[in-house]
Amino acid sequence: MSSDLLLAQLINGVGTGLIYFLLAVGLTLIFGVRDFVNFAHGAFFVLGALLSWTLLEHGMSFWIALVVAPLVIGLAGFVMEPLLIRRFYNVDPAFQIVGTIGLTLVIQEVATMIWGPANRSTQPPKSLQGLVDLGVVSYPTYRLFIMGVAVVVGIALWWLIERSRFGASLRAGAEDRDMASCLGVNTGMLFAITFAIGVGLAALGGVLAAPTRGLNTGSSSEVLGIAFVIIVVGGMGSFLGAFVGALVIGVAQSLTITFAPAYGSVVIYIAMIVVLLVKSDGLFGKVTRVR
Amino acid sequence: MSANPVRALSRLTGAGGLGRPALLSAVSVILLGLLAPSWSVATLILIYAMAALGCNLLLGYTGLLSVGQSVYFGLGGYLAAITATRWGLQLSSALIVSAVLCAVVAAFIGAFAIRRLGIYFVMITFAFAETAHFLAFVFQDYTGGENGLGGVPAASFGGFGQSFFIAKPGPTFFYMAAVLFVLLFVVLQRFVDSPVGAVLVAIRENESRAEAMGYSIKAYKLLVFMVSGAVTGIAGCLYVFFVGSASVAAIESDMAITIVIITVLGGIRSLYGSFLGAVVYVALDTYLSDLWPYWQMLLGIALIGIVLFFKGGIHGVVLAFFNLVRHLLSRRSSDPADHPNEGASVDVSR
């Protein structure tokens, strides 16, 4: 095993991890604020990808799709939260899961009505095609771009949660809903916006992932599994945890595939089990947890 | 007391002990055999119903959601296919092997899962489901990987090379599955009606209070986890003999989700609900999917409705309907002037 190959796999792992971060961060955000387990998260990821496919089919540029698709899905989430999601908050977690499984079925079938069951994949823009020479390894430009987007999104979210007035209200609302309400925070609006941001981020991940792999309406359960691995490893509800967890899982998966290809998927779920048993708060539980 | 038929029937079947569940399940499978349009649909309903029974023990009676019943459904199936094709085991022995080994694996997974509560419990079962799914590819020498294992012989009962009964596909297989279902249903109903079942419900209702009363919560949880694994494993074993092959689809987490859907749809907190859930799920899957390919949307809406408004599921709806009928009949048949208090008390209590 040459060190060059190892380094290449490491970079690959970081790249995968940053995509995973986009996939998982919305899930952890929503859980962190209302302890709401959204099993429909993967469906929003797939919706983003499919919507961007339609936009590109209609001759719009990738850049427009990159902005419009997450906005549309986020808006849908904003409408959906007060109509449906809010009713799940006070339900037992087991039934939150069952209810959002139901929501997944509805979204999947609506998506199948619109897009059909076929695999849809998009093309990255011309400027992002090709390879970049990183010295030890040539890396696809598009994947570097995704990594850049993930980092930018990460920083923007950190600022939003930790530094902005909205973030202060959000943390207050997560900590003590009634008290925040008494102090004049519109908690209902707060949670609707959080849900919208969460599913919008999932959709953004979908838009970015669509050129690297085909997605169809049935992909959501596979995507959801990985998202849960990451937020559990990082600590459910922790923003920093989602970032570190995604990198750890991406690198671990990439290295495992190098040495023992068959175990690539097994290892991440075993990591999830180990974390749940040793420290169910995950790597960053409670420390930087939103609530 | 009024002698209306509904109440009379309920008194007859409510004789206690094994009579009521035996009668209920026997009548149900006979009706299923008479009414189902094909033997394979009827058989599939019974197999899914058995798988859901296992899930229901956990979710409905103990309050534990397992999104990992696919482990036992898939493993039971693989064990059936491997033992039948490699060692020539018959269904009777394969059932025992599947049940026992699934209980052992459930004890292993359960020992980890019961250390956590709520969402973390669910996550552990989910992680094991995904692990098992990918392990099926790692051990593809045994599982056949993506191709699965074919050539499972006809289901037969016997031992030591002799078989006294062969369940050929079609009606015979259904009869065999029906007998197994009734047996399983009666045993499990007895289980949940036993003092052990009462403790399980106590855990569901208030875990810390049950613990304070001196019950070993973990031992009870582990026990019900093992029983649940064995039951779902039996369903998986039967499924493989039914379709004649084992495939990786049976061990995917989607199968676990399907089992949860059937359980919740039919109605938790009632074992009979699992049967009703399987009837409705398979019927929709078989008939509605041809007419309207997006039928799962209805399933999704039903699940959301059940979670938010009506936890009882289909069984709850049926029960509410019967109570309404009973109520209406009792009002009509008894003269309020003769029994002024009885009618009122029925109004309040029902």
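Looking only at the range B:234-254, count how many residues are surrounded by fewer than 23 Cβ atoms within 10 Å (Cβ to Cβ) and within 14 Å of chain A (Cβ to nearest Cβ).
The number of residues fulfilling the criteria is 4.
Among the residues of the range A:168-175, is any surrounded by fewer than 17 Cβ atoms within 10 Å (Cβ to Cβ) and part of a strand (DSSP E or B)?
Scanning the range A:168-175 turns up no residue that is surrounded by fewer than 17 Cβ atoms within 10 Å (Cβ to Cβ) and part of a strand (DSSP E or B).
Considering only the range B:122-164, state which residues are in a helix (DSSP H, G or I) and away from chain A (no Cβ under 13 Å).
Of everything in the range B:122-164, those that are in a helix (DSSP H, G or I) and away from chain A (no Cβ under 13 Å) turn out to be B:Tyr142, B:Asn147.
Looking at B:Ile262, B:Ile268, can you tell me which residue is buried (at least 18 other Cβ atoms within 10 Å of the Cβ) and either touching a Leu at 6+ places or on another chain (Cβ under 8 Å) or not assigned by TED's automatic domain parsing to the domain that holds B:Ser93 (or both)?
Of B:Ile262, B:Ile268, the one residue that is buried (at least 18 other Cβ atoms within 10 Å of the Cβ) and either touching a Leu at 6+ places or on another chain (Cβ under 8 Å) or not assigned by TED's automatic domain parsing to the domain that holds B:Ser93 (or both) is B:Ile268.
Out of B:Ala155, B:Ala177, I need the residue that is surrounded by 14 or more Cβ atoms within 10 Å (Cβ to Cβ), at pLDDT below 90 and closer than 30 Å to B:Val243 by Cα. Which one?
Working: B:Ala177 fails: at pLDDT below 90.
The conditions single out B:Ala155.
Among the candidates B:Val260, B:Val264, single out the residue that is within 11 Å of another protein chain (Cβ to nearest Cβ) and touching a Gly at 6+ places or on another chain (Cβ under 8 Å).
Working: B:Val260 fails: touching a Gly at 6+ places or on another chain (Cβ under 8 Å).
Step by step, each of B:Val260, B:Val264 is checked, and only B:Val264 is within 11 Å of another protein chain (Cβ to nearest Cβ) and touching a Gly at 6+ places or on another chain (Cβ under 8 Å).
Go through the range B:281-293 and report how many residues are surrounded by fewer than 16 Cβ atoms within 10 Å (Cβ to Cβ) and either at the interface with chain A (Cβ under 9 Å from one of its Cβ atoms) or charged (D, E, K, R) (or both).
Qualifying residue count, the range B:281-293: 2.
Check whether at least one residue in the range B:68-77 is assigned to a loop (DSSP other than H, G, I, E, B), within 14 Å of chain A (Cβ to nearest Cβ) and either surrounded by fewer than 22 Cβ atoms within 10 Å (Cβ to Cβ) or touching a residue at least 60 places away in the same chain (Cβ under 8 Å) (or both), and report yes or no.
Here is the first cut: in the range B:68-77, the ones assigned to a loop (DSSP other than H, G, I, E, B) are B:68-69.
Now drop any that are not within 14 Å of chain A (Cβ to nearest Cβ), which leaves B:68-69.
Next, from what is left, pick out any that are either surrounded by fewer than 22 Cβ atoms within 10 Å (Cβ to Cβ) or touching a residue at least 60 places away in the same chain (Cβ under 8 Å) (or both): B:68-69.
Yes, because at least one residue in the range B:68-77 is assigned to a loop (DSSP other than H, G, I, E, B), within 14 Å of chain A (Cβ to nearest Cβ) and either surrounded by fewer than 22 Cβ atoms within 10 Å (Cβ to Cβ) or touching a residue at least 60 places away in the same chain (Cβ under 8 Å) (or both).
Given the options A:Arg87, A:Arg120, name the one that is under 22 Å from B:Ala302 (Cβ atoms) and either basic (Lys, Arg) or touching a residue at least 60 places away in the same chain (Cβ under 8 Å) (or both). Full working, then the answer.
Numbers: A:Arg120 fails: under 22 Å from B:Ala302 (Cβ atoms).
None of the others qualify; the one that does is A:Arg87.
Can you say whether A:Leu71 is surrounded by fewer than 24 Cβ atoms within 10 Å (Cβ to Cβ), part of a helix (DSSP H, G or I), modelled with pLDDT under 95 and away from chain B (no Cβ under 14 Å), as far as the supplied structure shows? Break it down into steps so the answer makes sense when it comes.
On the way: surrounded by fewer than 24 Cβ atoms within 10 Å (Cβ to Cβ): yes; part of a helix (DSSP H, G or I): yes; modelled with pLDDT under 95: no; away from chain B (no Cβ under 14 Å): yes.
No, not satisfied.
Kindly provide the set of residues from the range A:80-95 that are exposed (fewer than 14 other Cβ atoms within 10 Å of the Cβ) and not in a loop (DSSP other than H, G, I, E, B), ordered by number.
A:Leu83
So which residues in the range A:37-87 are of a type in the set (Gly, Ala, Ser), closer than 18 Å to A:Val153 by Cβ and in contact with a Leu (Cβ under 9 Å, 6 or more places away or on another chain), if there are any at all?
Selection gives A:Gly48, A:Ala49, A:Ser52, A:Ala65, A:Ala69, A:Gly74.
If I ask for residues that are outside any helix (DSSP H, G or I) and farther than 21 Å from B:Ala42 by Cα, which ones from the range B:248-269 would you list?
Answer for the range B:248-269, where residues must be outside any helix (DSSP H, G or I) and farther than 21 Å from B:Ala42 by Cα: B:Glu252, B:Ile268, B:Arg269.
Given the structure, is A:Ala227 surrounded by 24 or more Cβ atoms within 10 Å (Cβ to Cβ), under 11 Å from the mean Cα position of the chain (by Cα) and under 13 Å from A:Ser52 (Cβ atoms)?
No.
Given the options B:Ile259, B:Ile217, B:Ile268, name the one that is β-branched (Val, Ile, Thr) and at pLDDT 95 or above.
B:Ile259
The values are calculated or read from the model by the stated rules, or taken from the named source; none is laboratory data. Keep in mind that this is a model prediction, so the values were computed, not measured. Quick reminder, even Gly has a Cβ in these numbers, built from the backbone with ideal geometry, and neighbours come from all protein chains shown.
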